[in-house]
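Student: Encoded as structure tokens, here's the structure I'll be asking about.
The values are calculated or read from the model by the stated rules, or taken from the named source; none is laboratory data. Keep in mind that what you see is a predicted model, and the values were worked out from it rather than measured. Glycine gets a Cβ as well: all are built from the backbone with ideal geometry, and neighbour counts include every protein chain shown.
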Amino acid sequence: MLRGLKLSFIYLSGVIGAGFITGREIYSYFGRFGVWGFLGAFISIIIFGLTATGLSRIIVNEDCRDLKAVSKEIFGDKWGKLVCLLTAIFLYCMYVVMLAGASELLRGYLNFDKWSAAVSVTCFCIVLLFAGFSGIAAVCSVAAPVTAVIMLLTLALSGSYKEFFTESVAPENSVKFDFLCIGAAIVYCGYNLLVLLSVMPRASKKADTYKVLKRGTLGGVVLVGALIIAVLIGIFDMSGGNMSMPLLQKATECNPVLKVLMLLTVFITMILSCAVNLSNCGRELSLKLGCSEKTAGIILALAGCLLSFIGFGRLMDILYTFFGALGVILIFPLVFRRK
């Protein structure tokens with residue numbers, strides 16, 4: 001029971017990143033379609049459930065406990081290596097995105113300059129890197145549910161839920177059906193699947209049976225789905241406004257204490273996301289260079305400082321869509337695989 005619950009929280013932490021906790025990606029993939037965004041959310045939840053089942057089966061039945069093994073099992077030796085490489089590149093891009101986001105918070109709220117902000121975040125990540133993947137995963141399994149509670153608290157105290165259930169739907173939210181809402185939902189699942197493909201095999205080493213892992217991942221799907229719907233309801237009235245970080249905006253408008261709490265939560269989530277992605281990338285690079293995972297991770301961490309100056313929002317908009325398309329390819333073999 002406890003193993004399954006821990007896996008559920010790790011699954012949740014794999015989806016809750018900077019874009020999720022700030023509300024930016026929920027708006028981009030669901031909220032901008034008005035009421036039809038809820039249809040997209042339900043489609044995403046179904047896809048998450050189907051792929052979680054397929055991934056759990058491969059991990060346990062074929063004993064695939066890392067990204068390379070899972071990729072090889074799904075696509076074969078040749079194409080598996082390519083998928084593994086592209087996924088590793090995606091994870092590193094995700095690290096850079098999180099680094100840029102955390103640096104922007106330090107610059108915007110603590111008046112750090114761009115160099116000191118990037119270096120400070122990089123140092124945090126390197127320190128966490130020495131805890132190893134299991135240590136980082138343990139922290140994430142605790143931080144994820146706490147983060148979810150703070151997000152819901154922010155939306156509740158800001159009056160978002162009361163407005164949604166008591167006021168009529170604004171005209172700008174009563175948009176006509178757009179097939180893009182379905183495409184956006186699938187792409188959203190795609191790039192999250194790439195993250196989960198690297199996280200869940202390494203996190204599932206203590207799940208010795210398919211039943212335990214399946215229960216844990218499906219529990220994570222339920223948590224993710226509930227949180228997507230909750231956030232979508234909470235930011236529904238904000239359509240057309242400043243949607244860069246809608247949840248942080250709501251916390252700021254609510255009260256100073258909630259603003260500080262939300263800022264700390266966003267920053268910690270970004271740092272943990274950085275550490276997870278850095279650890280996974282370091283593992284793949286260490287296999288190529290023949291060095292330790294920590295050494296490879298430090299090399300990648302230092303190189304990410306310069307790349308992070310491109311900017312958080314711009315990196316998210318470009319990279320998430322591109323790699324989301326790659327992740328979509330993974331959906332079909334996970335869902336329809338019969339072995």
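Student: Among the numbered criteria (1) of a type in the set (Lys, Arg); (2) closer than 15 Å to residue 144 by Cβ; (3) over 18 Å from the mean Cα position of the chain (by Cα), which single criterion is violated by residue 32?
Tutor: That leaves (2) as the condition not met.
Student: So, residue 72, is that one basic (Lys, Arg), under 26 Å from residue 126 (Cα atoms) and modelled with pLDDT of 85 or more or not? Let's see the steps before the verdict.
Tutor: Working: basic (Lys, Arg): yes; under 26 Å from residue 126 (Cα atoms): no; modelled with pLDDT of 85 or more: yes.
So residue 72 fails the test.
Student: Does residue 58 meet the test of being out of contact with any helix residue (DSSP H, G or I) (no Cβ under 8 Å at 6 or more places or on another chain) and modelled with pLDDT of 85 or more?
Tutor: On the way: out of contact with any helix residue (DSSP H, G or I) (no Cβ under 8 Å at 6 or more places or on another chain): no; modelled with pLDDT of 85 or more: yes.
No: the conditions fail for residue 58.
Student: Also, I was wondering about something else. Determine whether residue 220 is at pLDDT 85 or above, under 13 Å from residue 16 (Cα atoms), out of contact with any Pro (no Cβ under 6 Å at 6 or more places or on another chain) and crowded, with 17+ Cβ neighbours inside 10 Å. Reasoning before the result, please.
Tutor: Values: at pLDDT 85 or above: yes; under 13 Å from residue 16 (Cα atoms): yes; out of contact with any Pro (no Cβ under 6 Å at 6 or more places or on another chain): yes; crowded, with 17+ Cβ neighbours inside 10 Å: yes.
Yes: the conditions hold for residue 220.
Student: Right, something else. Please go through segment 65-84 and pick out each residue that is out of contact with any Pro (no Cβ under 6 Å at 6 or more places or on another chain) and in contact (Cβ under 8 Å) with a residue 40 or more places away in the chain.
Tutor: Let us first name the residues in segment 65-84 that are out of contact with any Pro (no Cβ under 6 Å at 6 or more places or on another chain), namely 67-69, 71-73, 75-84.
Passing the criteria: 67, 68, 69, 71, 75, 83, 84.
Student: Still on this structure: For segment 63-84, state whether one or more residues are closer than 18 Å to residue 280 by Cβ, of a type in the set (Asp, Glu) and part of a helix (DSSP H, G or I). Spell out how you get there, then give the answer.
Tutor: Within segment 63-84, the subset closer than 18 Å to residue 280 by Cβ is 64-74, 80-84.
Next, only the ones that are of a type in the set (Asp, Glu) stay: 66, 73.
From the residues that got through so far, the ones that are part of a helix (DSSP H, G or I) too are 73.
Yes.
Student: Now a separate question. Return the residues of segment 249-262 that are more than 16 Å from residue 148 (Cβ to Cβ) and either buried (at least 18 other Cβ atoms within 10 Å of the Cβ) or of a type outside the set (A, V, I, L, M) (or both); say none if nothing qualifies.
Tutor: As a first pass, look at segment 249-262 and keep what is more than 16 Å from residue 148 (Cβ to Cβ): 249, 252-257, 259-260.
If the condition is that a residue be more than 16 Å from residue 148 (Cβ to Cβ) and either buried (at least 18 other Cβ atoms within 10 Å of the Cβ) or of a type outside the set (A, V, I, L, M) (or both), then 249, 252, 253, 254, 255, 256, 259 are the ones that fit.
Student: Quick one: which of 135, 101 is closer than 24 Å to residue 294 by Cβ, at pLDDT below 85 and assigned to a helix (DSSP H, G or I)?
Tutor: Working: 135 fails: at pLDDT below 85.
When all the criteria are applied, what remains is 101.
Student: Residue check: is residue 53 of a type in the set (S, T, N, Q), within 17 Å of residue 205 (Cα to Cα) and in a helix (DSSP H, G or I)? Working first, answer last.
Tutor: On the way: of a type in the set (S, T, N, Q): yes; within 17 Å of residue 205 (Cα to Cα): yes; in a helix (DSSP H, G or I): yes.
Answer is yes for this residue.
Student: Can you say whether residue 273 is assigned to a helix (DSSP H, G or I), crowded, with 23+ Cβ neighbours inside 10 Å, touching a residue at least 24 places away in the same chain (Cβ under 8 Å) and under 15 Å from the mean Cα position of the chain (by Cα), as far as the supplied structure shows? Outline the logic, then answer.
Tutor: Numbers: assigned to a helix (DSSP H, G or I): yes; crowded, with 23+ Cβ neighbours inside 10 Å: yes; touching a residue at least 24 places away in the same chain (Cβ under 8 Å): yes; under 15 Å from the mean Cα position of the chain (by Cα): yes.
Against the criterion (assigned to a helix (DSSP H, G or I), crowded, with 23+ Cβ neighbours inside 10 Å, touching a residue at least 24 places away in the same chain (Cβ under 8 Å) and under 15 Å from the mean Cα position of the chain (by Cα)), residue 273 qualifies.
Student: When both residues are 6+ apart or on different chains and their Cβ atoms are under 6 Å apart, which pairs have a first residue that lies in segment 43-59 and is crowded, with 24+ Cβ neighbours inside 10 Å, and a second that is small (Gly, Ala, Ser) and not in a helix (DSSP H, G or I)?
Tutor: 59/204
Student: Identify all residues within segment 50-84 that are under 15 Å from residue 330 (Cβ atoms), within 19 Å of the chain's Cα centre (by Cα) and not β-branched (Val, Ile, Thr); write none if there are none.
Tutor: If the condition is that a residue be under 15 Å from residue 330 (Cβ atoms), within 19 Å of the chain's Cα centre (by Cα) and not β-branched (Val, Ile, Thr), then 50, 52, 55, 56, 67, 84 are the ones that fit.
Student: Of the residues 188, 161, only one is at pLDDT 85 or above, assigned to a helix (DSSP H, G or I) and not aliphatic (A, V, I, L, M); which? Let's see the steps before the verdict.
Tutor: Values: 161 fails: at pLDDT 85 or above.
Only one candidate passes the filter, namely 188.
Student: If you don't mind, there's one more thing I want to ask. Using the structure shown, decide if residue 267 is aromatic (Phe, Trp, Tyr), touching a residue at least 24 places away in the same chain (Cβ under 8 Å) and farther than 24 Å from residue 141 by Cβ. Steps first, please.
Tutor: On the way: aromatic (Phe, Trp, Tyr): yes; touching a residue at least 24 places away in the same chain (Cβ under 8 Å): yes; farther than 24 Å from residue 141 by Cβ: no.
So residue 267 fails the test.
Student: With more than 21 Å from the chain's Cα centre (by Cα), hydroxyl-bearing (Ser, Thr, Tyr), within 19 Å of residue 126 (Cα to Cα) and modelled with pLDDT of 80 or more as the only criterion, which of 279, 286 stands out? Lay out the reasoning, then the answer.
Tutor: Details: 279 fails: more than 21 Å from the chain's Cα centre (by Cα).
Among 279, 286, only 286 is more than 21 Å from the chain's Cα centre (by Cα), hydroxyl-bearing (Ser, Thr, Tyr), within 19 Å of residue 126 (Cα to Cα) and modelled with pLDDT of 80 or more.
Student: Okay, next question. Can you name the number of the only condition in (1) modelled with pLDDT of 90 or more; (2) of a type outside the set (Lys, Arg); (3) surrounded by 13 or more Cβ atoms within 10 Å (Cβ to Cβ) that residue 175 fails?
Tutor: The single condition residue 175 does not satisfy is (1).
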